[in-house]
Amino acid sequence: MAQPPIAVHLMGVPIHGVTTEETVGWIAHWIAEGSAHQVATVNPEFLMKAREDAQFRHVLHEAALCIPDGIGVLWAARLRGIRLPERVAGSDLVPRLAEEAAKRGWRLFFLGAAPGVAEQAADVLERSHPGLSVAGCYAGSPAPEEEATIVDRIQCAQTDLLLVAYGAPKQDLWLARNLARTGAAVGIGVGGSFDFIAGTSRRAPRWVQRLGLEWLHRLVREPWRWRRQLALPLFAWLVLVGRDRPTDSLS
């Protein structure tokens, strides 16, 4: 297969114009191939962080696939005259990958989230997709002193697909440092996906998601997130006035 198409750059980050099914196809290809590939689920919060963080931006630039996880990303690309085919939400992608894994025999490792949440998410997916092979579940932490122990767990579990839920940018930086050592063919930072699957957090109804207001639904349910959500109107303003460029370089 050729390299995934790069449709647009926003804040120094390449966003690939792929659908959910194309994303699954690339992941299947890389698992069959065997070498390590990192996938990032890019939303406006990612882009705002990457705009000011050259290390994070470099990791996203080097990722094999940056999927458009956020209506804001599609909107910003459209202002650049590029229509991305669809939003590829990490919270929807994980169950779809579990379905494919059950068919193909991939071994999934669930890393991150609060203690017990990864196990709950894995249990939900095992019940929904009989035959799913869960290589392991572990909360752990992205702290450097834990890396050797966690890498050993994942490697010993003979993992094909590694799902990491430490939140951005920690999960993506962790994968950039460690994915090749784990033996997993594909690693994906999945943010709050385990919580949504396990039911410890609730996603917005589909009609709210279609309107692009999932961020508002989450803010109402989790008001402590208000500082993080301030990034969204700032993102929109920067895109509208054409100032969506990194504030530093990748030197």
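The 3J(HN,Hα) values that the Karplus relation (6.51, -1.76, 1.60; θ = phi - 60°) gives for the stretch 9-16 are, in residue order, 10, 10, 6, x, 10, x, 10, 8 Hz. Gly and Pro appear as x. Each of VAL39, VAL124 was scored by other Cβ atoms within 10 Å of its Cβ. Arranged with the fewest first, they read VAL124, VAL39. Hey, with R₀ at 22 Å, roughly what FRET efficiency would TRP75 and HIS29 work out to, going by the Cβ-Cβ distance, to 0.05? It comes out at approximately 0.15.
Ordering MET48, MET1, MET11 from the fewest to the most neighbouring beta carbons within 10 Å gives MET1, MET48, MET11.
Using 0.36 nm per residue and subtracting the Cα-Cα separation, the extra length available between GLU145 and ARG83 on full extension is 18.0 nm. Here the stretch 16-198 has an Rg and Dmax of 15.4, 47 Å, counting Cα atoms alone.
Between amide H atoms placed 1.01 Å from N, distances below 5 Å from ALA40 occur with LEU65, CYS66, ILE67, all of them 5 or more places distant or on a separate chain.
So for CYS66, CYS137, CYS156, fewest C-beta neighbours within 10 Å to most, what's the order?
Fewest-to-most Cβ neighbours within 10 Å comes out as CYS156, CYS137, CYS66.
One decimal place: the segment GLN158-HIS9 gains 50.1 nm when fully extended, by the rule 0.36 nm per residue minus the C-alpha distance.
Readers should treat all values here as calculations from the given coordinates under stated rules, not as data from a laboratory. Just so you know, these numbers come straight off a predicted model, no measurement behind them. As a convention, Cβ positions derive from the backbone with ideal geometry for all residues, glycine included, and neighbour counts pool all protein chains shown.
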